[in-house]
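Beneath this line is the structure, given in structure tokens, with notes to follow.
The values are calculated or read from the model by the stated rules, or taken from the named source; none is laboratory data. None of the values given here were measured: they were computed from a predicted structure. Here Cβ is always computed from backbone atoms with ideal geometry, including for glycine, and neighbour counts include all displayed protein chains.
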Amino acid sequence: MNTENPAIETPIQHAFSQTFFHGTKADLKIGDLIEIGFDSNFVDRKLKHIYLSATLNAAIWGAELASGNGRERIYLVEATGPLEDDPNVTNKKFPGNPTMSYRSEHAFKVIGEVTVWQGHLAEQLKAMKDGLDKLKQLGNMVIEE
């Protein structure tokens, strides 16, 4: 606190850190860590990275396209280590990373859940799933690790 003028407080360093979103069907709790070594949301194997986005829209896609039968969820997460651009999106579809999609080898800490969000239109979701199915059939469903 500022002793000369008690009404003016000294700012807290790093009062806000970047919050990211992670879309999934996993049932997680605040404080849980999302770590590598678990099955991927999209391919039938464990990946060396975990993925997140700084945009809600990209996280909605993640939740809607995640494998499994659980409820679609979007978590607010905090990175615990360095992030890098997700090459599966930025190198292939959206140069410059407008989706603000990232990956890391370090855990993400769940700090909250977005409980009210609007999913994509049924036609959009069907078109995306059809496109992903076609890639799988052609053997082109590759996640760059």
Completion exercise
Of the candidates 83, 76, 52, the one satisfying the condition of being of a type in the set (A, V, I, L, M), closer than 24 Å to residue 18 by Cβ, in contact with a strand residue (DSSP E or B) (Cβ under 7 Å, 6 or more places away or on another chain) and at pLDDT 95 or above is 76
Handout entry: Subset of the range 10-36 that is farther than 16 Å from residue 79 by Cα and modelled with pLDDT under 55 - its residue that is surrounded by the fewest Cβ atoms within 10 Å (Cβ to Cβ)
Key = 13
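Quick check: is even one residue across the range 32-45 over 25 Å from residue 135 (Cα atoms) and not in a loop (DSSP other than H, G, I, E, B)?
Yes, the range 32-45 contains at least one residue that is over 25 Å from residue 135 (Cα atoms) and not in a loop (DSSP other than H, G, I, E, B).
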Problem - Identity of the residue in the range 58-75, charged (D, E, K, R) and outside any loop (DSSP other than H, G, I, E, B), that ends up surrounded by the most Cβ atoms within 10 Å (Cβ to Cβ) - result: 73
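Quick one: which residue in 98, 82 is surrounded by fewer than 12 Cβ atoms within 10 Å (Cβ to Cβ) and not in a strand (DSSP E or B)?
Matching residue, one of 98, 82: 82.
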Handout entry: Test for residue 130: is it modelled with pLDDT under 90, closer than 23 Å to residue 45 by Cβ and either of a type in the set (Asp, Glu) or over 17 Å from the mean Cα position of the chain (by Cα) (or both)
Key = no
Exercise for the section: Hey, could you check the range 19-67 for residues that are touching a residue at least 40 places away in the same chain (Cβ under 8 Å) and aromatic (Phe, Trp, Tyr) and say which is farthest from residue 136 (Cα to Cα)? Expected result: 20
Practice task
Being part of a loop (DSSP other than H, G, I, E, B) and surrounded by fewer than 14 Cβ atoms within 10 Å (Cβ to Cβ) is the filter here, so list the residues in the range 106-121 that pass it.
Solution key: 115, 116, 118, 119, 121
Fill in the blank from the handout: Out of (1) assigned to a loop (DSSP other than H, G, I, E, B); (2) of a type in the set (S, T, N, Q); (3) modelled with pLDDT of 80 or more, the one residue 124 does not meet is (1)
